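These notes are about the structure you will find just below.
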Amino acid sequence: MSLFYEADKTFEELMDEKKNFVFIGEAGSGKSEIVLNVAAKLAERTGKAVDLFDLDQTKPLYRSRDMQAEFAKCGVTIHYQDQYLDAPVMVGGVRASLVSENYTLLDIGGGHQAAKFAGAYSDLLSKDDSAPVYIVNPYRPWTKSVDAIDATMKHILGSMRLDHIYILGNPNLGYATTPEEFLEGIKRINELFDGYTHVNSACVRKDIYEEVKDKTGKSLVPIDLFLTYSWVD
């Protein structure tokens, strides 16, 4: 099986087909925003319960766990475990959720350390109802070349004991990304993966979606920015 899989499917189609999702992305990729949006979409569309597990070991400023109270109102339960000093800790309940009727989303951050935790569930995450998703933001320093992306993904997938991944684009320079910057990011993604795979889908901020939706040749997923804090200028 190719490292890059399901390239012929849009991310919307993937959401219709899969129950369990593992989201992986380097700092600044926009991973946590995407995880929150997917959780909200699945809950709204299906009425099913959604379990979102925040397994991010880097504990950055933008964390899906910060929306726990707000998202509980729409049927999304955000699970996390506080760190003890600098020691990474495991979040309980993942395996039970993966085999339940609930949608299960794992927000993986912190590189191979968090991936090792997710590897404990590789027997379930390798099944057909699960999709590992790698978020690519071409404006971030870790995604300057396909070789860098490939090395990162292989390292993380090795830690998770999985062998394939779906690529989802998320070109942005922050919450005020212009349509022109988004389209330039799409161009960079196409150039990065040329000859390797076709990146079918990308996320875009809702307020610029209408302006760019017919200019990319990709399936675009409009997203809200839940984690834009008041102190961000």
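The values are calculated or read from the model by the stated rules, or taken from the named source; none is laboratory data. Model, not experiment: these values are computed from the prediction. Because the Cβ atoms are built from the backbone with ideal geometry, glycine has one as well, and the counts that use them run over all protein chains shown.
Quick check on this structure: which one of 135, 167, 186 is more than 16 Å from the chain's Cα centre (by Cα), aliphatic (A, V, I, L, M) and at pLDDT 90 or above?
On inspection, the qualifying residue turns out to be 186.
What number of residues within the stretch 103-130 are under 14 Å from the mean Cα position of the chain (by Cα), crowded, with 23+ Cβ neighbours inside 10 Å and modelled with pLDDT of 80 or more?
5
Filtering the stretch 80-99 down to residues that are at pLDDT 90 or above and not in a loop (DSSP other than H, G, I, E, B), which residue is farthest from residue 31 (Cα to Cα)?
Among residues in the stretch 80-99 that are at pLDDT 90 or above and not in a loop (DSSP other than H, G, I, E, B), the one farthest from residue 31 (Cα to Cα) is 96.
When the stretch 195-220 is examined, which residues are found to be of a type in the set (A, V, I, L, M) and either more than 15 Å from the chain's Cα centre (by Cα) or more than 23 Å from residue 3 (Cα to Cα) (or both)?
Result: 204, 208, 212.
Is it true that residue 100 is closer than 30 Å to residue 48 by Cα, hydroxyl-bearing (Ser, Thr, Tyr) and surrounded by fewer than 16 Cβ atoms within 10 Å (Cβ to Cβ)?
When the stated conditions are applied, residue 100 passes them.
Kindly establish whether residue 146 is of a type in the set (A, V, I, L, M, F, W, C) and either under 30 Å from residue 123 (Cα atoms) or at pLDDT below 95 (or both).
yes
Could you pull out the residue among 197, 228 that is under 20 Å from residue 23 (Cβ atoms), at pLDDT below 95 and in contact with a strand residue (DSSP E or B) (Cβ under 9 Å, 6 or more places away or on another chain)?
From the options 197, 228, the qualifying one is 197.
Might you let me know whether the stretch 212-223 holds any residue that is modelled with pLDDT under 80, surrounded by fewer than 14 Cβ atoms within 10 Å (Cβ to Cβ), of a type outside the set (A, V, I, L, M) and more than 22 Å from residue 32 (Cβ to Cβ)?
No, the stretch 212-223 contains no residue that is modelled with pLDDT under 80, surrounded by fewer than 14 Cβ atoms within 10 Å (Cβ to Cβ), of a type outside the set (A, V, I, L, M) and more than 22 Å from residue 32 (Cβ to Cβ).
Scan the stretch 104-121 and tell me whether some residue there is acidic (Asp, Glu) and within 21 Å of residue 54 (Cα to Cα).
So far as the stretch 104-121 goes, yes, one or more of its residues are acidic (Asp, Glu) and within 21 Å of residue 54 (Cα to Cα).
Listed residues 21, 53, 4; which is under 21 Å from residue 156 (Cα atoms) and either at pLDDT 95 or above or basic (Lys, Arg) (or both)?
Answer to the selection: 21.
Would you check if residue 152 is within 23 Å of residue 12 (Cβ to Cβ), polar (S, T, N, Q) and crowded, with 16+ Cβ neighbours inside 10 Å?
In short, no.
Could you tell me which residue of the stretch 170-183 is surrounded by the most Cβ atoms within 10 Å (Cβ to Cβ), considering only residues that are hydrophobic (A, V, I, L, M, F, W, C) and either under 16 Å from residue 210 (Cα atoms) or modelled with pLDDT of 95 or more (or both)?
Among them, the one singled out is 182.
When only residues in the stretch 163-181 that are free of Cβ contacts under 8 Å to residues at least 60 places away in the same chain and touching a helix residue (DSSP H, G or I) at 6+ places or on another chain (Cβ under 6 Å) count, which is farthest from residue 34 (Cα to Cα)?
Among those residues, the one meeting the criterion is 179.
The conditions are (1) under 18 Å from the mean Cα position of the chain (by Cα); (2) surrounded by 19 or more Cβ atoms within 10 Å (Cβ to Cβ), and residue 192 fails exactly one of them. Which is it?
With (1) under 18 Å from the mean Cα position of the chain (by Cα); (2) surrounded by 19 or more Cβ atoms within 10 Å (Cβ to Cβ) applied to residue 192, the lone miss is (1).
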